1. Indicate the gyration tensor shape class of segment 60-117 (rounded, prolate or oblate), computed on the Cα atoms with a ≥ b ≥ c the square roots of the eigenvalues: a/c under 1.5 is rounded; otherwise a/b larger than b/c is prolate and the rest oblate.
2. Find how much the distance from residue 194 to residue 221 grows on full extension, using 0.36 nm per residue of separation minus their present alpha carbon separation; answer in nm with one decimal.
3. Taking 0.36 nm per intervening residue step and subtracting the Cα-Cα distance, what contour gain separates residue 277 from residue 131 on full extension?
4. Please give the FRET efficiency for residue 212 paired with residue 146, using the beta carbon to beta carbon distance and R0 = 35 Å, rounded to the nearest 0.05.
5. In sequence order, what are the phi-derived ³J(HN,Hα) couplings for segment 252-264 according to the Karplus relation 6.51 cos²θ - 1.76 cosθ + 1.60 with θ = phi - 60°, rounded to whole Hz, with x for glycine and proline?
6. Output ³J(HN,Hα) for segment 218-235: one whole-Hz value per residue in order, computed from phi by the Karplus curve 6.51 cos²θ - 1.76 cosθ + 1.60 with θ = phi - 60°, and x for Gly and Pro.
7. Could you sort the peptides 232-241, 248-257, 271-280 by per-residue average Cβ neighbour count (10 Å cutoff), highest mean leading?
Amino acid sequence: MSRALPKYNKRRVAFVGGAAAVALSGTVIAGFALAGESGQRAEPARTLAGPGTITCPDVTGELPAIPASAQAEVDRNLAQLQTQIAEANQRLADTVGQGGPNFVQNAILGPLEDKRVAALNRIETAIGRAAAKPDGLEAFAACTLNADGAGAGADDGAEATPSEPAGADANAGAGQDTGNGEGAGANTGAGTITCPDVTDELPAIPASAQAEVDRNLAQLQTQIAEANQRLVDTVGQGGPNFVQNAILGPLEDKRVAALNRIETAIGRAAAKPDGLEAFAACTLTR
């Protein structure tokens, strides 16, 4: 599974440049998603009116040598990537026919990419604690929809790219997402999104890390502003879990990724702070 870092860098550039990458398809059979991320390509089973399948790049063959001390954490996050694809395919099956033209991109593919970025960042960090830290695994975060049937109900021509994260469009599609969100219902009034401030919880920041930490702190503020704008733009849309699944959930995933980057930046030159993810969840105040 592991490769030397120069080989990884060469292959990642080839992937971004448009060369063929190993991809893995989750398969929806009779409304139940069976998906995963492994070293082999899954064979999709097509149905006459299925919602399609979500395909994500396989990162396992692009990793450098994994230190023994990092193996368990890397394995946990590789398993999490599998779970994320399965959950996204299940959501795809559950929401057939719902939402506007960008529903799948904004409510499924976008949040999936954010979750994958966070998991890939954790893999980078785990390896970096004991060896040279691989950079750029985020290039493998974006997934695409292969529409197999007539019921996708989505703009399946929108393909996410590493440089332009899915779900960044402020116009979330209308419709009901029947996920597991709790605590925020349909968007019946704009309200305000409030997130915990992490700045006072940071340790002393090394000079070499200051610029990167500042960039990610600014990104946290931008993410909140974008989420509040989306809240305004989607007033009156969605079902009982719309705000949680289409706004608060994706926002938390983006914040986890930014907070992980802050931890990593500090950890390159000083003791790495752990647990900043505790400040990722935000709330809606009506």
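1. prolate
2. 8.6 nm
3. Length gained, residue 277 through residue 131: 50.3 nm.
4. It comes to 0.45.
5. 4, 4, 5, 5, 4, 4, 5, 5, 5, 5, 5, 4, 5
6. Each residue of segment 218-235 in turn: 5, 5, 4, 5, 4, 4, 5, 4, 5, 5, 5, 5, 4, 4, 5, 5, 10, 4 Hz.
7. 248-257, 232-241, 271-280
Values quoted throughout were computed directly from the atomic coordinates according to the rules given, and no laboratory measurement underlies them. Predicted, not measured: the structure shown is a model, and the values here were computed from it. Glycine gets a Cβ as well: all are built from the backbone with ideal geometry, and neighbour counts include every protein chain shown.
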